[in-house]
1. Using the crude model of +1 on Lys and Arg Cβ and -1 on Asp and Glu Cβ, and no other charge, please compute the dipole size for the chain relative to its Cα centre, in debye to 20.
2. May I ask you to list the aspartates and glutamates whose Cα is less than 20 Å away from that of LYS67, ignoring any residue fewer than eight positions away on the same chain?
3. Per residue, how much space in cubic angstrom lies within the convex hull of the C-alpha atoms of the stretch 104-211?
4. If you average the C-alpha positions of the stretch 1-31 and of the stretch 116-147 separately, how far apart do those two centres end up, in angstrom?
5. Using only C-alpha positions, report the orientation-averaged shadow area of the convex hull of the chain, nm², one decimal.
6. Work from the charge dipole of the chain (Cβ charges, +1 for Lys and Arg, -1 for Asp and Glu, about the Cα centre) and give the residue of ILE10, CYS194, ILE91 farthest towards its positive end.
7. Taking only C-alpha pairs under 8 Å that are 6+ residues apart, what is the relative contact order of the chain in percent?
8. Explain nothing, just compute: Karplus ³J(HN,Hα) = 6.51 cos²θ - 1.76 cosθ + 1.60, θ = phi - 60°, for every residue of the stretch 47-55 in order, whole Hz, x for Gly and Pro.
Amino acid sequence: MGSLLGILGIGFLLGLKHALEPDHIIAVSTMAGKQKSLFHSSFLGVFWGIGHTLTLLGVFLILAITKGSIPQKWGMAFEMGVGVMLIYLGILSFLTLKKNHIKKPTKENKQFFLKSMFIGQIHGLAGSAAMTLLVVSAVDSIRSAVLYIGVFGAGTILGMLLFTFAISLPFVFSGKTQKLDRILTGSAAIVSICYGIYYIYLMGYQEGFFI
């Protein structure tokens, strides 16, 4: 029991660390500027974490039941999808840059939350191969594995909640200064596009997807 608790504790800490990986941070940053409420912006991170965790759990259970594994090419293709998504989010931010960032109605807030969850699912799919190998090596039963992923997910959700709260502060306070708001939003868009291109290059050539 003590050994399992130790593993779960490590899983929670790894989840916190996992939330702060560059591609995760950049993806959520492109959305944080569209919300002028710290509460709403913070919960973008929560929904990202929920989507991420549900995908990890779903993929693991499918592989556990079928006794299968994710082919290496598939894993790299999922990772490539993250790069494409980052470019898309950056371009989308540029396209909406000229719009006034006012408080969104409840329906649109829900759309942002669902979009954030979907982005988390894409990241979860990209990381599912590595997570499956990690879980299999750490625990010896499906029940313990599901518990581990759940605790890992809780750490990820908390980490992303804290990050989105922090990254939203400058966007919220810049709302009164349109020029600063545009600079922050544009900067997040540029970083997202550039990192997306780099990520595709990394997966495509250095990791060998295109080779």
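Just so you know, all these numbers are worked out from the coordinates, no wet-lab data involved. Everything quoted here is computed from the prediction, not taken from an experiment. Neighbour counts are summed over all protein chains in view; Cβ atoms, including those assigned to glycine, are modelled from backbone coordinates with ideal geometry.
1. Using only the charged Cβ atoms, the result is roughly 940 debye.
2. Straight-distance partners of LYS67: ASP140.
3. Hull volume over Cα atoms, normalised by residue count, gives 143 Å³.
4. 11 Å
5. 12.2 nm²
6. Towards the positive end, the residue furthest out is ILE91.
7. Over the chain, the number comes to 46 percent.
8. 5, 4, x, 5, x, 4, 5, 4, 5
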